[in-house]
Structure formats: structure tokens, C-alpha cells
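The values are calculated or read from the model by the stated rules, or taken from the named source; none is laboratory data. Fair warning: this is a prediction, and the values are worked out from it, not measured in the lab. No Cβ is skipped: glycine too gets one built from the backbone with ideal geometry, and neighbour counts run over all protein chains shown. Side chains are part of the model used for accessible areas, which takes the heavy atoms of the whole protein and leaves out ligands, DNA and RNA. Shrake-Rupley method; radii C 1.70, N 1.55, O 1.52, S 1.80 Å.
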Amino acid sequence: MNAPVNVKAAAKTFLAQTEEYLSAYTEACVHCGQCAEACHFYQTSGDPRHTPAYKLFPIAKAMKNNKWPLNWLGLAPAITEADLKEWEELLFDTCTMCGRCTTICPMAIDIAGIVGRARQAFAAAGLGPEDLQQAAEMSRDHGSPLGLSPDKLADRLEWLADENEIEIAVDKAKADVLLTVSSIEMMKYPDSIVAMAKILNKAGINYTFSTKGYEATNFGYLAGKSDIAKIMTLRIVEAAEKVGAKTVVIPECGHAYGAMRWSGGNTIGRPLPFEVLHITEYLARLKREGKLKLKPLDGSITYHDPCQISRRGGATQDARYLLEGFAKDFREMTPAADYNWCCGGGGGVQAMGRAADLRHKVFKLKIDQVAKTGAATMVSSCANCRLTMDESKEYWKWQGGLDSLVEVIAEHLE
Amino acid sequence: MTLLDFARGPALSIAFAVFLIGVLWRLFSLVLLPKASDNSPARADSGSAFGQGLRGFWRHMWPADPYLKSSVFALVNGYAFHLGLAIVVFGLAQHIQFIKDVFGISWPGLPTGVITLAAIVTLASLVGALVRRLTNPVLKLISTGNDYITWLVTVLPVITGIMTINHLWLRYETLLALHILSFALMLVWFPFGKLMHAFLVFLTRSRTGVVYGRRGVKI
Ligand code: SF4
Ligand code: SF4
């Protein structure tokens, strides 16, 4: 990128993040270094620069520089262009915002949260991987990072319905549930979308997809472009309001869940007028209500927790509840659940071409974990994890099976 | 005025004043910042914010199982240091007398053997921490002047304290004066460096406890 780096804009954006807790976080690190071992990037590369605490340096520096009387006494140097250039890679390519480092930190610093905020400063300065920025801009201009426009969505859903001989509800006037998609699913794993529709049809749910708001992924959020994050959130909010949905279901996508469930109301500045559930939470609800009856699943499987669903989302147990009594040979990895290892592609890293090599190497952690369980297949509930894992599987010529939890469930409907 | 008079008098008073004003400045400059209101509804069974904060604080007292091995040094050395220091600071008869003189409260002291052992453990853990900081590649990279200054102002009172109690090398009055002066130095540095973590830990752990607690995450 040749555009000049706008250091001032970055500093200003850093300082706009002045909530009490964020500032406390940046001041509290005791430089104990324990977080390094918790981060899959450090664990894989052994490069001390990949230490989570080190990723806090630029924002900590900007905030200290703003603190009276340190600035006044000349005790706190300002952030420089060199700083921003040095840390750009660290905050984008080598942080999936998985939140694992927080679980070890004795000060409990929410590094993933800070990285998310810090990315906004880099974006303001005109920095950040170009492909990630483009994905954000594509979403704004064409409805989806992969160019899935409203027309294409309608076409494809119709085609999927015909092909699979099922009903897929699109643009109903009124519905209780608004279903959304991740364009990764539509482009690479359309069976996931068919699976959601099948399950909801079977359960007799009044749902619809909407061409007004369908893209659940939020690359504005991942790229640090808060204006685009807001546009993407609003599209779904408005679509849900239009059909009068009480529930918005986020498909198999991790960050989409966090961006809507835990940040949506903050992004648009008002509480959401509906509940937000990840598809695993929603299916768990159907199961509790007796609306999801399954034939038993043979074969050994293990479950990969998408970080944003489990450790940072709190829906850890729903996937397990779904597997209970269904998967006859379910094997947990160690560590799993809230302490799982990230697939390596969260936080938009999947979309950064230049980050691919390291993230493939990171996936070795997962391969080894699965090998220890001896399970034949690893299922997940995030299309972004799945794509990351499929690509890394190819890189390693790994023989393990990969699948989607929702698809596996749909295949076993009674 | 002897060195001891100076240490006990003006030095200590000024140090306490800097400590108090500095700590208040650090804390107020944080808690007076705007609070971000959270528009997302908490998970139904997540309990009160107070409970979430407490749980967050408690959970980070000890590393979770997957990290026990990689964190063993920080865990053992960290606890050894903090416990050792607490025993010496609050268990030594002379310290208790000092606290009584200043704050008017007191409690029984611990036997000299226990204090000596604790002092040795404290000193050893500080040396261990420094060696690790200087040799471990991660720690070398993330350490700043703050870390080394903080180490120095922490180790000085420990060393001078051990010397004073054992009447090593210098006159007792001189040793005591040096001990008090080194303590004063630590107080002065406290609000400016990472010793502040002693206060900030309550803010950050409880905040994280709330952020994750309301999501229903148990970390
Ligand atoms: S959030 Fe995850 S990827 Fe980012 S620094 Fe922490 S452990 Fe590493
Ligand atoms: S574990 Fe926490 S306190 Fe320790 S270096 Fe990492 S961020 Fe800082």
C-alpha cells in the first residue's frame, strides 16, 4: 500500500477508545509473558513478537502519551509511523482474536477485545491487509465479501431448493425467525444452508431468508472499519424488523455471532429488537422442545469449538448437548471447549493471503489434537473454521475427516 | 538531623504523600473515564455483575489446567514472592510496631525463623524473576525500563531489610535509615510504574469477569 500512513488519525482513533476498562487493561500488563504459550501463533512460530502482550504495545503507548501529566512532563513518547508499520502484521496477520490469552493472564486482560479496537486505529491510518479491506468494501458495496448480491442470493436459494427438492423460504412478508447466511457457506458449503432449511422445515418453524439482510459475516468489524460494521449490522436488523422476526439465527460462523449477539446493539447504538442465537443454540432449543429428533450417528467424531461461539460466546455447552445421545462415539480433544486451540483463521486471518503460511502451520496443533483422540472426523460449527481447516488439511495432506455439525444433524433427521 | 531522622521524618512523609496522590491520580484517571454501556442483553442465567466480577477475580488466581505446565515458573515464583513478601511485611515485629505507630493498629508478630525463611524466599524469587526476564526471549522482548526499575525498587527494601535485621556490615542506625529510604523510594515509584498492578488487578479481573460472565463464559 503506497498511500501515506496517517499517524495522527491512528493516534486519534486509539484515544477515542477511552472506556474505563480498556484504559485499565492497557496499563495493567505486568509483562510476565505467560500469555505467549497460550497463543497458537507464538506456540507455532516461537517468535517472541507473537506474544499477545506485545500486541498491546502501540495502543498502550498512544494512551500513555495522552495521560496528563506524563505528556506534559515529556515522559511518554508519541506513537510513530514506524510503530504502526511494525505492529500492523502483529495485530492483523497474527491475531485471530480468539481470546485464549485472556484465560491465562493473571491480570485477565482482554487482549482480543483490544486488538479489535486497535485495528480501527490502523484502518484509520490507512493500514491493514488489502484483501481484508477489500472484503469489507465488497460487503458494503455488493452485500457480501464474496460478491453474493441480493439477486445472486435469491437465485442460489431457488436453485438449492430445486436441486435438493426442499422448500426454502425467501422474503416471506412475516416470519418468526430470520435465517442468515455466511457467504462462505453459499460459495463453498451450500449444503449447510440446505441443512438449516431442512431442519427448520421439519420442525415446522415459520422462518425466512431475506434479500434485504442476509450476510451474517461482518468484515467491517474484522477490518477495523466501524462504518462498514454498522452498515452490515443494520441490514440484518432492518430485515428482521420488516418481517417482524423475534429471533435472528446466525449460521455456522463464529465472528458473525459475536458481531451480532454481543456487539450488534453497541454497533448500532440501541438494543436489538430481537434475540440473536447461533444455529447451535437454536438447534439445542429445538431439541429441548422435542422438535429435533435424530437417528444415532455412527463413527467417531470430535468437536472443534469455534472461539467466538465457545470461549468468547458462551455457547460452549449447546454443541455438546446436541451431540449427547446422538453421536455414539464422541471424543473430546484436550484441551477443548473454552480452552480450545483456534483453527488459525479467525479474526479475518483466513482472508489475508499473506498470512496463509503461518496459519497453515498453526493448524498442526489441531491435527495433533485430533490424532490423540483417534476420532475419524472433526466437526465444527463455523464455516470460516471449516474453510481454514480444509485449506490447511490440503497443505498438510492430512487424512482426517472434516464436517459441519449442522450438516451432520440434517443428515440424521428422523 | 541524622540520616535516620531524615529517613523517618521528611523522606517518609514526602514518599507517602507522593504515593497517595499518585495512586489516587492513577485510579481516578481511570474510573472517571466514561463507561461504555452495553446494549447486548446478558445471558439469562448469568447472575449479577457483582457476582461475575468476583468470579472473574477468583478464576484468575490460578492458571487453568492446560497452562499449568507452561506457567509453572510464573505460578511458583509469583506466589513465593507475594506470600514471602506479605509474611515479612506484616509478620515482622518491627514492621508491626511501625504500622502501630502510624495507623494505631497491631497484631502479634511471627517467630524470627519464619521471617528469615520468608525473606530468603522473597529475595530468591526476585533473583529468579530477574534472571528469567534477562534470559527468556519473550520476556526480553516485552520488558521495558519500567520492569527493571520496579524490580530494583522492590529488591532494595528486601536487601536492606535483611541487612538491618542481621546487623550486616554497617551501623544499625545507618542500615535502618537505608532500609526506610529504600522503602520510601518504592512508595514514590509505586504510582508511576507497574507496582500499580496491586490496585489495577481488581479493576481488570473484575471487568473481564463481567464481560465474559454476562456472556455465560466460564473463564
Ligand atoms: S487473541 Fe488469540 S491469537 Fe490473539 S494474541 Fe490472544 S491468543 Fe493470540
Ligand atoms: S499474561 Fe497478561 S500480564 Fe502477563 S504479559 Fe501477558 S498480557 Fe501481560
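The rows are residues; the columns are (1) surrounded by fewer than 19 Cβ atoms within 10 Å (Cβ to Cβ); (2) within 23 Å of the chain's Cα centre (by Cα).
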site	(1), (2)
B:GLY51	yes, no
B:MET61	yes, yes
B:PRO66	no, no
B:GLY78	yes, yes
B:PHE90	yes, yes
B:GLN94	yes, yes
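Each row is one residue, and each column tells you yes or no for (1) assigned by TED's automatic domain parsing to the domain that holds A:ALA36; (2) open to solvent by 10 Å² or more (accessible area, probe 1.4 Å).
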| position | (1), (2) |
| --- | --- |
| A:THR102 | yes, no |
| A:GLY113 | yes, yes |
| A:SER139 | no, no |
| A:SER144 | no, no |
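Among the criteria (1) farther than 24 Å from B:HIS167 by Cβ; (2) at pLDDT 90 or above; (3) more than 9 Å from chain A (Cβ to nearest Cβ), the one B:ILE99 does not fulfil is (1).
Can you find, within the range A:322-338, the residue that is nearest to the other protein chains (Cβ to nearest Cβ) among those that are surrounded by fewer than 18 Cβ atoms within 10 Å (Cβ to Cβ) and part of a strand (DSSP E or B)? Looking at the filtered set, the residue picked out is A:ASP329. All told, A:LEU148 meets the bar of being outside any helix (DSSP H, G or I), of a type in the set (A, V, I, L, M) and under 30 Å from A:ILE193 (Cα atoms).
For A:PRO106, the requirement of being within 11 Å of ligand 2 (Cβ to nearest atom) and within 10 Å of another protein chain (Cβ to nearest Cβ) is met. Test each condition in (1) open to solvent by 60 Å² or more (accessible area, probe 1.4 Å); (2) over 19 Å from the mean Cα position of the chain (by Cα) for B:LEU152 and report the one that comes out false. Every condition holds for B:LEU152 apart from (2).
Scanning the range A:19-65 for residues being without any contact (Cβ under 8 Å) to a residue 24 or more places away in the chain and under 22 Å from the mean Cα position of the chain (by Cα) gives a total of 3.
Here B:LEU33 meets each of (1) within 11 Å of chain A (Cβ to nearest Cβ); (2) open to solvent by less than 50 Å² (accessible area, probe 1.4 Å); (3) outside any loop (DSSP other than H, G, I, E, B) with one exception, condition (3). Kindly list the number of the only condition in (1) of a type outside the set (Gly, Ala, Ser); (2) more than 16 Å from the chain's Cα centre (by Cα); (3) within 16 Å of ligand 1 (Cβ to nearest atom) that fails for A:MET333. Unmet for A:MET333, out of (1) of a type outside the set (Gly, Ala, Ser); (2) more than 16 Å from the chain's Cα centre (by Cα); (3) within 16 Å of ligand 1 (Cβ to nearest atom): (3).
Picking from residues in the range A:61-87 that are open to solvent by less than 30 Å² (accessible area, probe 1.4 Å) and assigned to a helix (DSSP H, G or I), the one that is farthest from the other protein chains (Cβ to nearest Cβ) is A:LEU84.
The set of residues in the range A:268-304 being within 13 Å of another protein chain (Cβ to nearest Cβ) and touching a residue at least 40 places away in the same chain (Cβ under 8 Å) consists of A:PHE274, A:HIS278. Among the residues in the range A:38-46, are any farther than 16 Å from A:THR102 by Cα, at the interface with chain B (Cβ under 9 Å from one of its Cβ atoms) and modelled with pLDDT of 80 or more? Yes, there is a match, as at least one residue in the range A:38-46 is farther than 16 Å from A:THR102 by Cα, at the interface with chain B (Cβ under 9 Å from one of its Cβ atoms) and modelled with pLDDT of 80 or more. Scanning for something buried (at least 24 other Cβ atoms within 10 Å of the Cβ) and among the basic types (Lys, Arg), does the range A:215-236 turn up at least one residue? Yes, there is a match, as at least one residue in the range A:215-236 is buried (at least 24 other Cβ atoms within 10 Å of the Cβ) and among the basic types (Lys, Arg).
Beta carbons closer than 9 Å, at least 6 apart along the sequence or on distinct chains, pair a first residue in the range B:130-149 that is facing chain A (nearest Cβ under 8 Å) and small (Gly, Ala, Ser) with a second that is open to solvent by less than 80 Å² (accessible area, probe 1.4 Å) and in a helix (DSSP H, G or I) for B:SER143/B:ARG133.
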